[in-house]
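Structure record follows, encoded as structure tokens.
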Amino acid sequence: YLRYMERARSDMLRLGGIDQRATFEAGEGSYAIVSMAIRYAAPARLDDALIVVSRMTQVRAAGVAIHQRVMRDGLVLAEADVVAALVAPNGRPRRQPRAWIDIYERLVWQGEA
């Protein structure tokens, strides 16, 4: 599930207009996972069609919190609460670009996770 969740987070940011690769290649940093709490409910099986729902739940100066669900036919197989921080090449947290924060704030889920 971890790989599916990672890909879903990257896709969510890309669809929101965040170019992580350009930021990384410009030497401005990249996201690192600070914490992740996962709850497994049921196994996926070979060839299952899975959907990962990712919802931004909180935006901070240097990071974001995201709630994710891995689902099959409406059944929740796993859920995770993820905190990611933008870190400079030296590994220290850095403020996210204001334009990114503006995008994230529009993506914050206001309902029940």
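We did not get these values from a lab; they are worked out from the coordinates using the rules stated. Note that the coordinates shown come from a computational prediction; the quantities given were computed from them, not determined experimentally. Cβ sites come from the backbone with ideal geometry, for glycine too, and all protein chains shown count toward neighbours.
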At 4 °C and 1.567 mPa s, what whole-number value in µm²/s does Stokes-Einstein give for the translational diffusion of the chain, with Rh from the Kirkwood sum over Cα pairs?
88
Can you tell me the orientation of helix 98-107 relative to the chain, as the angle in degrees between its alpha-carbon axis and the longest Cα principal axis, to the nearest 10?
20
Please give the residues of region 51-67, grouped as numeric ranges, whose backbone N is less than 14 Å from a label point set 7 Å along the Cα-to-Cβ vector of residue 41.
51-54
Report, in degrees rounded to the nearest 10, the 0 to 90 angle that the Cα long axis of helix 2-16 makes with the longest principal axis of the chain.
50
Compute, for the chain, the length of the dipole vector about the Cα centre, with Cβ point charges of +1 (Lys, Arg) and -1 (Asp, Glu) only. Units Debye, rounded to 20.
260
Distance (nanometres) between label positions extended 7 Å along Cα→Cβ at residue 48 and residue 14:
2.4
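For Cα pairs less than 8 Å apart in space and 6+ apart in sequence, what is the mean separation divided by the residue count of region 33-75, i.e. the relative contact order in percent?
On the way: 38 pairs, mean separation 14.8, N = 43.
This gives 35 percent for region 33-75.
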